[in-house]
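Novice: This is the structure I want to talk about, given as structure tokens.
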Amino acid sequence: MKPATFDYVAPHTVHETLDALGDTERDVRVLAGGQSLILEMHLQRIRPDLVVDINRVAGLDHLNLDNGAVRVGALVRHGVFESPQAVPGPLGRLFALAVVNIAHPPIRARGTMVGSLAWAHPASEWCAIALALDAAIEVRSADRAREIAVHDYFRGALQTARARDELITSVRFPLLGDNTGVGFIEHRRTHFCFAQVAVATALAVHDGVIEQARIGLVNCADRPVRARAAEQALVGAEVGSPGTGYRLPDGHPFIRAGRIAAEQDAAPLAEPYADPEYRRNAIAVLVGRTLRQAATDYQVQAGNGATGGRL
Amino acid sequence: MEQWTRREDRRLLTGHGRYVADLVVPGCLDAAFVRSTVAHGIVREVDCAAAREVPGVIGAWSAADLSGLPTCTHAAARLQDLPPVPHTLLARLSNEEAVTGREWPALAKERVRYAGEAVAVVVGEDRYRAEDGAAEVVVRIDPLPAVVTPSRAANDSIALFDGLSNTAFTGEAGQPIDESVWQGAAAVVEARYRQQLLMPTPMECRTILAVPEEDGRLSVWSGHQMPHRLRRELAALLDLPVDRIRVVVPDTGGAFGSKSAAFPEFVTVVYLAVTLGRPVRWIEDRLESMTAATRGRGQDQRVRLAADADGHLLAYELQIDADVGAYPHLGVGLPMQTAWMATGPYTTPKVHATVRSVLTNTMVTYPYRGAGRPEATIALERSMDLLARRLGMDPAELRRRNFIPAGSFPYQTPTGRCYDSGDYSTALDLALETIGYGTWRDEQERRRENPDALPLGIGLSCYVERSGGEPGGLHEFAGVEAHEDGTITARCGAAPSGQSHETTFPALVAQALGVEEDRVRLVEGDTDAQPEGLGSFASRSAQVDGAALCHACALLIDRARERAAELWGMPVEEVEWSAGSLRPLRDGSAAIGLAELVKDTGPLRVDDRFESGMGFPFGAHAAVVEVDPELGTVRVLQLVVVDDCGVVLNPAVVRGQAFGSAVQGIGQALYEGIPYGDDGVPQLANGLLDYLLPTAAEIPPIEVKDTRTPTPSTPLGAKGAGESGCIGTPAAIVNAVADALQPADPGLLQMPLTPDVVWRAARAPKYEEAR
């Protein structure tokens, strides 16, 4: 478990970084938090010719608001989002719910959100959230800057639309309206491992009725999945008030949405201890439970509990 | 020392431990191994030429390259070929018939039999260079079909050794049971259980450093449980007298049974050190360990258990197909431990256990904490719960009715064991009281009536195990020496890998001699300092080495009294020993200490060989779990472990052993397993992300309690304490899950109880529905 020999540069500016990435003859990798790259290099599954360490690059560690969106720079660490106040409103609450599922504190202190998006692992929490929330990936190369809509970005396991000479400088998430309830639940065998399945939801509610649903599925296919069919099925449903048991009542719209997500939206792969049949079950259960969590969040945060419809 | 619980804590917990990887040896080379990526195949080509061109690589060899390697002038270098891995016939756990024709090569030459088997070795100036070289070795292997389960391998349709059966060993304990016994019984339960393969997973993987010394001797540093055995085995394969080799065990980060052999990598490293005349080190990394280190467990079991209408056990039958791995080593006979312990803590009059040990295309099976006893306990205790359900009887009551009574020891079991001492019902009662058995049963009822509540289950597991070793390996060597400065040196043949010997043994010696604890220094794990020894295995150190040290102290006191008697010209009966001092009984003159006696009469040292009997520790574990039937997750709400290891030498140390082994027991029950692909290759590419250990976040509240029934096997009265949780805990948890879900088919709940397994069991027909 030792990396093969590689060259290493640690530029101080984006300009220098892009120069280094411009050498497309060689296998060049960007090192941010390093929580995936270094492991893969130790395993020699990745043997880069050149590692470009961007940790000293000025200006990449900003987290700021911009015209109804939040822009997360390439060096913003996971751990920043543990506080729900790091980002305003429901989006901050969703990030906070999700981020504690990313490995453990030392990894969250080092790893970055943009790094997760660049790596594009199917079990990444951030990737599914970005997809569900219509985030935009902001990239630059030596001769151009562009924005990649997230639905065009993920191309498969560890595959993205980023060109080899491009650096992801930031990712932009539209803020969620105050009438939004959010939920995130992850299912995994121990706290140490990747998710078998995780689900992120955001429900925009008006007068107790779901106006818009966003559902992101983690590790439910070879890439992050947006459960559009399930989202559609929820529009117009009453958000209701949460039940108390671990099971939702039969016939509840959240149960139906869970089934649709599992059967129509997801394309789960087999892995040890989780064959597709089990995975589809877990997806259905988790989507239902996460929707209920989002409904509860909406009611608690908006003080709307009393006006919610019946369950 | 006040702020530390143990004497070794300051060093180990502040990063000052010195492990094999920390030793600085000028000119030391690092070895890296090239390993087979196929489980079974014919080796067509192993070409190391490109590796030799890598900067910093000193040499690279396949097995064929090592034949006739010119040796340096080192005095030890009389070798021609790389010798095979020494097998062992220790403690009846293997035999010549099993190993003949099935030699385990240190580097595979013609055929590979498990994924991870080494086919070449590269030696570099450091580990980076060695790995860079290893990456350049060209290996071509034509795959053969692979078999990775004993049931599939047993029919010999795929043979690991041409012309030889895959079945390397058969054995039995007890007498066959007549069919009429089963037919006449009021209740008979049958089941099949899989005891999955487990990785011992010590924090520090295997290590060895071999240094040819200028005087022609060979020094070997290794994290090892049996340094004297390693010395003996290395001496035999290097054709050297044993006193030309010194084996030292420095700080070692865990072993759990997996560090007592001369492994293929050890043979290769020592051979290279001797032939090159240079120090060579190998530090196994985690991924290597996960493919090439030994695993434990690995049994497919069939059981039958019969009782009369009152729940008195009539007969128990256990058939074991054991997974030996690719080469016969200790794992061949290890399942006999399961067979011998099949009787458990019950008075069952007829017990019969059979063993068939089968070779498979997997890494070699070897002892892992518990080593045969968990398999016996899990099979019996799961069956006890099935029987209780069949009889409509409380599982605690069924056990109580069948315990060997406290007044019946020594107790001869139908499977050939003679239990030394026990009080099984007291341990169970304490476990039930501690966990609040009645309260949890009420809660279970309440939940059964509430469809919104998660199902809850309570599981029990009563065990009896064996510690100390097997006949022929129940002795140990120990000595004590008094010095002029008032200090005492204690020596013994043990070799710790985390068992707190530095704390426990000096305290024991200090107490036996009546001197202050901080005056006693312990020396162990160095074959030069302690020339004879067996080592640390089978939970034996307190039981056997502890008793041996006490015995040596008694001898030292006798010797001191003789010396004083001579000095004072009086009969020895008139010399009184008290609290580390000697005094004439009659004339009232002042006492002299041991130090003064040594000053006056010269060095005082005794060395002793002490033989213990087998110990049979026991206990009762109880678990409460909550199951989410929709996802199949299991949450352990409470775990109570009551263990009895006889006389406890240090409560904190014993508690640590109980706690740690219970966590490993939870690992077997819920998390740990090695998935194999159809090609026989373990699916563990991401290391410990693929083989899940319980983490701090998974550990439930564990209450550790004990009862103390001394063993008559030694004057000290201590039995082994190291393996209780691995033995007792898994069945408690599995029984609790079965109790929560009540599946009609017990075979659905095979360990590890991962969410998919539990989810399927939750959806399956219930016991009541099936009847």
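Novice: Tell me which helices (runs of 4 or more DSSP H) are completely within region B:342-455 and hold 1 or more residues being touching a Gly at 6+ places or on another chain (Cβ under 6 Å), surrounded by 24 or more Cβ atoms within 10 Å (Cβ to Cβ) and not small (Gly, Ala, Ser), or say none if there are none. Give the steps one after another, and end with the answer.
Specialist: Working: elements: B:373-391, B:395-402, B:424-435, B:437-448.
Ranges flagged: B:373-391.
Novice: Identify all residues within region B:525-544 that are in contact with a helix residue (DSSP H, G or I) (Cβ under 7 Å, 6 or more places away or on another chain) and either among the acidic types (Asp, Glu) or outside the structural domain of B:Trp577 (by TED's automatic domain parsing) (or both); write none if there are none.
Specialist: Scanning region B:525-544 gives a single hit, B:Glu532.
Novice: To continue, here is another question. Out of all the residues in region B:642-652, is one or more in contact with a Pro (Cβ under 8 Å, 6 or more places away or on another chain), assigned to a strand (DSSP E or B) and small (Gly, Ala, Ser)?
Specialist: Keep residues of region B:642-652 that are in contact with a Pro (Cβ under 8 Å, 6 or more places away or on another chain), which gives B:643-647.
The next check asks that each one be assigned to a strand (DSSP E or B); those that pass are B:643-644, B:646.
Checking the rest, the ones that are also small (Gly, Ala, Ser) come to B:646.
Scanning region B:642-652 turns up at least one residue that is in contact with a Pro (Cβ under 8 Å, 6 or more places away or on another chain), assigned to a strand (DSSP E or B) and small (Gly, Ala, Ser).
Novice: In region A:47-81, how many residues are among the charged types (D, E, K, R) and over 23 Å from A:Leu31 (Cα atoms)?
Specialist: Count: 1.
Novice: Could you tell me whether any residue of region B:697-715 is outside any helix (DSSP H, G or I) and within 14 Å of chain A (Cβ to nearest Cβ)? Give the steps one after another, and end with the answer.
Specialist: So in region B:697-715, the residues outside any helix (DSSP H, G or I) come out as B:699-715.
Checking the rest, the ones that are also within 14 Å of chain A (Cβ to nearest Cβ) come to B:699-700.
Checked region B:697-715: at least one residue is outside any helix (DSSP H, G or I) and within 14 Å of chain A (Cβ to nearest Cβ).
Novice: Residues in region B:25-45 that are over 23 Å from B:Glu284 (Cα atoms) and of a type in the set (D, E, K, R): how many?
Specialist: So the count comes out to 2.
Novice: Give me the pairs, please: first residue somewhere in region B:678-692 and within 10 Å of chain A (Cβ to nearest Cβ) and under 11 Å from B:Thr291 (Cβ atoms), second residue anywhere and in a loop (DSSP other than H, G, I, E, B) and of a type in the set (Lys, Arg), beta-carbon distance under 9 Å, and either six or more positions apart or on two chains.
Specialist: Partner pairs satisfying both residue conditions: B:Ala685/A:Arg45.
Novice: Separate question: Filter region B:106-115 for residues that are surrounded by fewer than 24 Cβ atoms within 10 Å (Cβ to Cβ) and either under 24 Å from the mean Cα position of the chain (by Cα) or part of a strand (DSSP E or B) (or both) and give the result.
Specialist: Scanning region B:106-115 gives a single hit, B:Arg111.
Novice: Mind checking which pairs have a first residue in region A:148-167 that is over 12 Å from A:Pro122 (Cβ atoms) and a second that is acidic (Asp, Glu), Cβ under 6 Å, 6 or more apart or different chains?
Specialist: A:Ala161/A:Asp152
Novice: Let me ask you something else. What residue, among those in region A:43-58 that are surrounded by fewer than 18 Cβ atoms within 10 Å (Cβ to Cβ) and in contact with a His (Cβ under 7 Å, 6 or more places away or on another chain), is nearest to A:Ala103 (Cα to Cα)? Steps first, please.
Specialist: Quick first cut of region A:43-58, residues surrounded by fewer than 18 Cβ atoms within 10 Å (Cβ to Cβ) only: A:43-45, A:47, A:49-50, A:53, A:55-56, A:58.
If we keep only those that are in contact with a His (Cβ under 7 Å, 6 or more places away or on another chain) as well, we get A:56, A:58.
Numbers: A:Arg56: 24, A:Ala58: 27 Å.
In this case the residue turns out to be A:Arg56.
Novice: Further question on the same structure: Mind listing whichever residues of region A:9-42 are under 25 Å from A:Ser124 (Cα atoms) and exposed (fewer than 15 other Cβ atoms within 10 Å of the Cβ)? Walk me through how you get there before you give the answer.
Specialist: Keep residues of region A:9-42 that are under 25 Å from A:Ser124 (Cα atoms), which gives A:21, A:27-42.
Result: A:Asp27, single match.
Novice: I would also like to ask the following. Let me spell it out: the conditions are (1) of a type in the set (Gly, Ala, Ser); (2) under 19 Å from the mean Cα position of the chain (by Cα); (3) more than 23 Å from B:Leu66 (Cβ to Cβ), and B:Ala315 meets all of them except one. Which number is the exception?
Specialist: Going through the list (1) of a type in the set (Gly, Ala, Ser); (2) under 19 Å from the mean Cα position of the chain (by Cα); (3) more than 23 Å from B:Leu66 (Cβ to Cβ), B:Ala315 breaks only (2).
Novice: Taking B:Leu582, is it crowded, with 17+ Cβ neighbours inside 10 Å, touching a residue at least 12 places away in the same chain (Cβ under 8 Å), assigned by TED's automatic domain parsing to the domain that holds B:Cys492 and in a loop (DSSP other than H, G, I, E, B)?
Specialist: Details: crowded, with 17+ Cβ neighbours inside 10 Å: yes; touching a residue at least 12 places away in the same chain (Cβ under 8 Å): yes; assigned by TED's automatic domain parsing to the domain that holds B:Cys492: yes; in a loop (DSSP other than H, G, I, E, B): no.
When the stated conditions are applied, B:Leu582 does not pass them.
Novice: So for region B:333-343 (the condition being closer than 29 Å to B:Met203 by Cβ and in contact with a Cys (Cβ under 6 Å, 6 or more places away or on another chain)), does at least one residue qualify?
Specialist: Scanning region B:333-343 turns up no residue that is closer than 29 Å to B:Met203 by Cβ and in contact with a Cys (Cβ under 6 Å, 6 or more places away or on another chain).
Novice: Is it the case that B:Ala738 is part of a helix (DSSP H, G or I) and either at positive phi or more than 14 Å from chain A (Cβ to nearest Cβ) (or both)? Full working, then the answer.
Specialist: Values: part of a helix (DSSP H, G or I): yes; either at positive phi or more than 14 Å from chain A (Cβ to nearest Cβ) (or both): yes.
So B:Ala738 passes the test.
Novice: With respect to B:Glu465, is the statement that it is under 27 Å from B:Asp423 (Cβ atoms) and either surrounded by 24 or more Cβ atoms within 10 Å (Cβ to Cβ) or of a type in the set (A, V, I, L, M) (or both) true? So that I can check it myself, show each step before the final result.
Specialist: Working: under 27 Å from B:Asp423 (Cβ atoms): yes; either surrounded by 24 or more Cβ atoms within 10 Å (Cβ to Cβ) or of a type in the set (A, V, I, L, M) (or both): yes.
So B:Glu465 passes the test.
Novice: Another question, then. Just to be sure I understand, how many residues within region B:153-162 are touching a residue at least 40 places away in the same chain (Cβ under 8 Å) and either in contact with a Leu (Cβ under 9 Å, 6 or more places away or on another chain) or surrounded by fewer than 16 Cβ atoms within 10 Å (Cβ to Cβ) (or both)? Explain how you work it out, then say what you get.
Specialist: Looking only at region B:153-162, we keep the residues that are touching a residue at least 40 places away in the same chain (Cβ under 8 Å), and these are B:153-154, B:158, B:160-161.
Checking which are either in contact with a Leu (Cβ under 9 Å, 6 or more places away or on another chain) or surrounded by fewer than 16 Cβ atoms within 10 Å (Cβ to Cβ) (or both) leaves us with B:153, B:158, B:160-161.
The qualifying residues number 4.
Novice: With B:Arg401, B:Arg373 as the choices, which residue is more than 22 Å from B:Arg152 (Cα to Cα), touching an Asp or Glu at 6+ places or on another chain (Cβ under 7 Å) and touching a residue at least 60 places away in the same chain (Cβ under 8 Å)?
Specialist: Numbers: B:Arg401 fails: touching an Asp or Glu at 6+ places or on another chain (Cβ under 7 Å).
Of the residues listed, the single one that is more than 22 Å from B:Arg152 (Cα to Cα), touching an Asp or Glu at 6+ places or on another chain (Cβ under 7 Å) and touching a residue at least 60 places away in the same chain (Cβ under 8 Å) is B:Arg373.
Novice: Further, regarding this structure: Please go through (1) without any contact (Cβ under 8 Å) to a residue 40 or more places away in the chain; (2) under 25 Å from B:Gly56 (Cβ atoms) for A:Ala20 and return the number of the only condition it doesn't satisfy.
Specialist: In the conditions (1) without any contact (Cβ under 8 Å) to a residue 40 or more places away in the chain; (2) under 25 Å from B:Gly56 (Cβ atoms), A:Ala20 misses (2) alone.
Novice: Scan B:Thr434, B:Thr504, B:Thr426, B:Thr439 and give me the residue that is touching a strand residue (DSSP E or B) at 6+ places or on another chain (Cβ under 8 Å) and hydroxyl-bearing (Ser, Thr, Tyr). So that I can check it myself, show each step before the final result.
Specialist: Working: B:Thr504 fails: touching a strand residue (DSSP E or B) at 6+ places or on another chain (Cβ under 8 Å); B:Thr426 fails: touching a strand residue (DSSP E or B) at 6+ places or on another chain (Cβ under 8 Å); B:Thr439 fails: touching a strand residue (DSSP E or B) at 6+ places or on another chain (Cβ under 8 Å).
Matching residue, one of B:Thr434, B:Thr504, B:Thr426, B:Thr439: B:Thr434.
Novice: Follow-up question, since we're still on this one. Just give me the residues in region A:102-149 being assigned to a loop (DSSP other than H, G, I, E, B) and either at negative phi or of a type in the set (Ser, Thr, Tyr) (or both), in sequence order. Lay out the reasoning, then the answer.
Specialist: Going through region A:102-149, the residues assigned to a loop (DSSP other than H, G, I, E, B) turn out to be A:102-104, A:111, A:120-124, A:133-135, A:142-143.
A:Ile102, A:His104, A:Gly111, A:His121, A:Pro122, A:Ala123, A:Ser124, A:Leu133, A:Ala135, A:Ala142, A:Asp143 - these are the residues of region A:102-149 that are assigned to a loop (DSSP other than H, G, I, E, B) and either at negative phi or of a type in the set (Ser, Thr, Tyr) (or both).
Novice: How about region A:192-308: which helices (runs of 4 or more DSSP H) wholly inside it have at least 2 residues that are within 13 Å of chain B (Cβ to nearest Cβ) and more than 19 Å from A:Arg93 (Cα to Cα)? Show your work before the answer.
Specialist: Numbers: elements: A:228-234, A:253-260, A:276-302.
Output list reads A:253-260, A:276-302.
Novice: Further question on the same structure: Assess whether B:Ala744 counts as being surrounded by fewer than 19 Cβ atoms within 10 Å (Cβ to Cβ), away from chain A (no Cβ under 14 Å) and not hydroxyl-bearing (Ser, Thr, Tyr). Talk me through it step by step, then tell me what you get.
Specialist: Details: surrounded by fewer than 19 Cβ atoms within 10 Å (Cβ to Cβ): yes; away from chain A (no Cβ under 14 Å): yes; not hydroxyl-bearing (Ser, Thr, Tyr): yes.
Taking the combined requirement at face value, the residue satisfies it.
Novice: Please enumerate the residues belonging to region B:699-715 that are buried (at least 24 other Cβ atoms within 10 Å of the Cβ) and either farther than 18 Å from B:Gly619 by Cβ or modelled with pLDDT under 95 (or both).
Specialist: Once the filter is applied, which keeps residues that are buried (at least 24 other Cβ atoms within 10 Å of the Cβ) and either farther than 18 Å from B:Gly619 by Cβ or modelled with pLDDT under 95 (or both), region B:699-715 yields B:Ser713, B:Thr714.
Novice: Surrounded by 21 or more Cβ atoms within 10 Å (Cβ to Cβ) and under 28 Å from B:Arg447 (Cβ atoms): which single residue out of A:Ile283, A:Ile260 fits that description? Step through it out loud before you land on a result.
Specialist: Working: A:Ile260 fails: under 28 Å from B:Arg447 (Cβ atoms).
Going through A:Ile283, A:Ile260 in turn, the sole match is A:Ile283.
Novice: Please give the number of the condition A:Thr17 fails out of (1) of a type in the set (S, T, N, Q); (2) more than 26 Å from B:Asp285 (Cβ to Cβ); (3) within 14 Å of another protein chain (Cβ to nearest Cβ).
Specialist: Single failed check for A:Thr17: (3).
Novice: Next question, about the same structure. Considering only region B:635-647, I want to know if a residue exists there that is modelled with pLDDT of 95 or more, within 14 Å of chain A (Cβ to nearest Cβ) and out of contact with any Ser or Thr (no Cβ under 8 Å at 6 or more places or on another chain).
Specialist: Of all residues in region B:635-647, those modelled with pLDDT of 95 or more come to B:635-647.
Remaining after also requiring within 14 Å of chain A (Cβ to nearest Cβ): B:635-636.
Narrowing further to those that are out of contact with any Ser or Thr (no Cβ under 8 Å at 6 or more places or on another chain): B:635-636.
Yes, region B:635-647 has at least one match.
Novice: Looking at B:Asp545 and the list (1) farther than 28 Å from B:Val572 by Cβ; (2) in a loop (DSSP other than H, G, I, E, B), which single condition is not satisfied?
Specialist: For B:Asp545, the exception is condition (2).
The values are calculated or read from the model by the stated rules, or taken from the named source; none is laboratory data. All values derive from a computational prediction rather than experimental measurement. For neighbour counting, all protein chains shown are included, and Cβ atoms are generated from backbone atoms with ideal geometry for every residue, glycine included.
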